[in-house]
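To start, the structure under review is shown below, and the notes come after it.
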Amino acid sequence: MKFPDFDYACPKSLDEALGLLRLHGDDAVLLAGGQSLMPLLAFRLAAPGLLVDLKDVPGLGDIGIDGGGVRLGAFVRWCEIDRNAGLAAAHPLLVEAIGHVAHYQIRNRGTVGGSLAYGDPAAEMPGIAVTCDGEIIVMGESGERRVAAADFFLGALTTCLRPGEIITGLHLPPWPAGRRWAFEEFARRRGDFALAGTALYYDLDSQGRATDAHIGVIGAADRPMRLAQAERMINGSTVNADAIAAAAEAASREVDPMEDFHAPTAYRRALVETLVARALTRAAG
Amino acid sequence: MRIKLKVNGKTVEAEVAPRISLADFLRDTLRLTGTHLGCEHGVCGACTVIVDGAAVRACLMLAVQAHGEQIVTVEGLSNDDALSPLQACFRKHHALQCGFCTPGMITTAHALLTEEPDADADRVREVLSGNICRCTGYIPIIEAVLEARAHYADQDAPP
Ligand SMILES: Cc1cc2nc3c(=O)[nH]c(=O)nc-3n(C[C@H](O)[C@H](O)[C@H](O)COP(=O)(O)OP(=O)(O)OC[C@H]3O[C@@H](n4cnc5c(N)ncnc54)[C@H](O)[C@@H]3O)c2cc1C
Ligand code: FES
Ligand code: FES
């Protein structure tokens, strides 16, 4: 369980970090909080020649809140999302979901950018990015590009990041007052990766009917995804017990859960149905 | 690589290979073997130390990343031969049996109570849920930490 041999660099600017990635190619790996990378190295599932630590790169640790929404720098740590006074009002769904990420000591280190880049199918941050129409901001040799979160995750632990690119932040669109929302997940122990989870929201029209429903799930496919059929059951309807049951049932059919050591496919499917029903009930109540 | 850091208030300078974890550096180079290694991949919490006031897993951090930082290990939370208030509460409540998890429990609880001396039972449970104990069943540990709160509320960060 000891790390393989590697070199270590601690660049002082984004340009220097990009330069190191260009120079070392595949042999270099970025290090942020280390809470996913270091276990991977301990298991010898990766053996990079160089770790490029982002801790001293300025400008990656900011949280911005304004009329345009919320911007989280890539180096924002989970504990800083808890502590930020403005975020609970600016994006309550984000704050509640991130409250479920990992344990106390890991929350003091793990970062937004690391979680997005790692792309665990059960991770909360990618789930929120996809559910909430987030945009991932990426810097490469040829400049900045912004990728819709919906296009960013390609499969388990696989993203569309190109070699040499660095995530600099995540943008989430503004959160209107009065929006209905909830987050629910089930993990065997608080702080462990969820067996499955859901983040959802909708707005209400003047007749009290739901519009613009966004229902996202984690741990229910090889990547975080939105459930178009479940959303259709909610859009345009009054969110009552019937609509909730129909949407939850649609959700359980729409997901494509993996089977693993922790739970079989059928269990995860049933879990999605229960969690979506629970979350919609909370959102409506 | 050459690193310079403060460990339990003392300045330490050392030459260390990049692949050495902070936990191994503390244990093998500085011989501070109070920091225990259970899983070495971030799930058990036995290796918890305090870096610049924040509890972290020392098995998931490199020694070279600790350059310039202030580290407090369980040794730094003792009171010579006398028990610190937190240790005394652990003793009173039988919050340890084999003692393997204890350094991680003490450092985690110390970081928590320093930051949040009014942490309620739910919060204490939530925070300690990241530390595995195979002996006590956790209840005595939670009782010990809850009782220790009084000492942290009274004064600024006791040992
Ligand atoms: C016991 C345990 C339980 C956990 N439970 C959960 C949980 O319930 N939910 C959850 O979401 N996570 C969980 N985690 C993971 C944790 O949240 C990690 O912090 C997170 O997934 C990765 O963030 P990091 O900053 O630590 O990244 P690192 O480990 O430093 O890096 C992860 C990967 O991302 C790359 N990377 C990092 N930063 C960037 C960047 N800016 N641009 C491009 N690539 C980058 C790295 O090269 C590496 O490949 C858990 C971890 C542990 C050890
Ligand atoms: S040894 Fe570090 S968490 Fe288990
Ligand atoms: S006292 Fe034995 S593991 Fe906790």
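Here, each number is a calculation from the coordinates, and none is a lab measurement. The structure displayed is predicted, hence computed values, not measured ones. Counting neighbours? That spans all protein chains shown, and the Cβs are built from the backbone with ideal geometry, glycine included.
For the ranges A:153-161, A:227-235, A:24-32, what's the packing order if you count other beta-carbon atoms within 10 Å of each residue, average per peptide, and put the highest first?
Final packing ranking: A:227-235, A:24-32, A:153-161.
Would you kindly derive the ³J(HN,Hα) couplings of the range A:222-233 from the backbone phi angles with the Karplus curve 6.51 cos²θ - 1.76 cosθ + 1.60 (θ = phi - 60°), listing them in order in whole Hz, with x for Gly and Pro?
Here the 3J(HN,Hα) series is 7, 7, x, 8, 9, 10, 4, 5, 4, 4, 4, 5 Hz.
Give a residue-ordered list of calculated ³J(HN,Hα) values for the range A:195-200 (Karplus: 6.51 cos²θ - 1.76 cosθ + 1.60, θ = phi - 60°; whole Hz; x for Gly, Pro).
Those phi angles translate into 5, 6, x, 9, 10, 8 Hz.
Summing +1 for each Lys or Arg and -1 for each Asp or Glu, what net charge is found among the other residues whose Cβ lies under 12 Å from the Cβ of A:ARG71?
With Lys, Arg at +1 and Asp, Glu at -1, the net is -2.
Taking beta carbons within 10 Å but only from partner chains, what does the mean come to for residues B:52-62?
6
Mind listing the long-range amide H neighbours of A:LEU31? Cut-off is under 5 Å, sequence gap 5 or more, other chains count too, H placed in the peptide plane at 1.01 Å from N.
Amide H neighbours of A:LEU31, under 5 Å, 5+ apart: A:VAL52, A:ASP53, A:LEU54.
Could you work out the pair-distance distribution P(r) of the range B:85-153 from its alpha-carbon pairs, with 10 angstrom bin width and percents rounded to whole numbers?
Binned Cα distances yield the sequence 24, 62, 14, 0.
Can you give me the Kirkwood hydrodynamic radius for the range B:11-121, using every pair of distinct Cα atoms, in Å to one decimal?
14.5
Toward the positive end of the charge dipole of chain B, about the Cα centre and with charges on Cβ (Lys, Arg +1; Asp, Glu -1), which of B:ILE50, B:LEU22, B:ILE141 goes farthest?
Positive-most Cα among the choices belongs to B:LEU22.
Does the range A:97-203 classify as rounded, prolate or oblate by the C-alpha gyration tensor (a ≥ b ≥ c root eigenvalues; a/c under 1.5 gives rounded; else a/b over b/c gives prolate, otherwise oblate)?
Taking the square roots of the gyration eigenvalues as a ≥ b ≥ c, the range A:97-203 is oblate.
Once you order the gyration tensor axes a ≥ b ≥ c over the Cα atoms, which shape class does the range B:2-75 get: rounded for a/c under 1.5, otherwise prolate or oblate by comparing a/b with b/c?
Cα axes put the range B:2-75 in the prolate bin.
Largest first and to the nearest Å, give the Cα extent of chain A along each principal axis.
Extents along the principal axes: 59, 44, 33 Å.
May I ask which residue of B:ASN131, A:LEU20, A:ALA199 lies farthest towards the positive end of the charge dipole of the protein assembly as shown, with charges of +1 (Lys, Arg) and -1 (Asp, Glu) on Cβ and the Cα centre as origin?
B:ASN131
In whole Å, what is the distance between the alpha-carbon centres of the range A:176-205 and the range A:38-85?
A separation of 22 Å, based on Cα centres.
Sorted by average packing, counted as other Cβ atoms within 10 angstrom per residue and highest first, what order do B:54-61, A:169-176 take?
So the order, starting with the most tightly packed, is B:54-61, A:169-176.
In whole Hz, what ³J(HN,Hα) sequence does the range A:101-112 give by Karplus (6.51, -1.76, 1.60; θ = phi - 60°), x for Gly and Pro?
Coupling constants for the range A:101-112: 7, 6, 9, 2, 5, 6, 5, 6, 10, x, 10, 4 Hz.
For peptide A:181-190, what's the mean number of Cβ atoms from other chains within 10 Å of each residue's Cβ?
Neighbouring Cβ atoms belonging to other protein chains average 1 per residue here.
Please get the size of the charge dipole for chain A, origin at its Cα centre, with Cβ charges of +1 on Lys and Arg and -1 on Asp and Glu, quoted in debye to the nearest 20.
600
Please report, ordered by residue number, every helix of chain A (full DSSP H runs) that is 20 Å or longer along its axis going by C-alpha atoms and whose mean Kyte-Doolittle hydropathy reaches 1.0.
Taking the DSSP H segments of chain A (at least 20 Å long, mean hydropathy at least 1.0), we get none.
Going by the alpha-carbon gyration tensor, a ≥ b ≥ c the square roots of its eigenvalues, is the range A:154-264 rounded (a/c under 1.5) or, if a/c is not under 1.5, prolate (a/b greater than b/c) versus oblate?
oblate
Normalised by the number of residues in chain A, what is the relative contact order in percent for Cα pairs under 8 Å and 6+ residues apart?
15
Sequence-distant or interchain residues sharing an amide H contact under 5 Å with A:THR168, placed H: which?
A:ILE137, A:VAL138, A:MET139
Take each of the peptides A:133-141, A:111-119, average the number of other beta-carbon atoms within 10 Å over its residues, and list them starting from the highest.
Output ranking for A:133-141, A:111-119: A:111-119, A:133-141.
Would you be so kind as to identify which of B:THR102, A:THR111, A:LEU170 lies farthest towards the positive end of the dipole of the protein assembly as shown, taking Lys and Arg as +1 and Asp and Glu as -1 on Cβ and the Cα centre as origin?
Toward the positive end, the furthest listed residue is B:THR102.
Given H placed on each backbone N at 1.01 Å, which residues far from A:MET225 in sequence or on other chains put an amide H within less than 5 Å of it?
Sorted by chain and number, the residues that satisfy this are A:VAL217.
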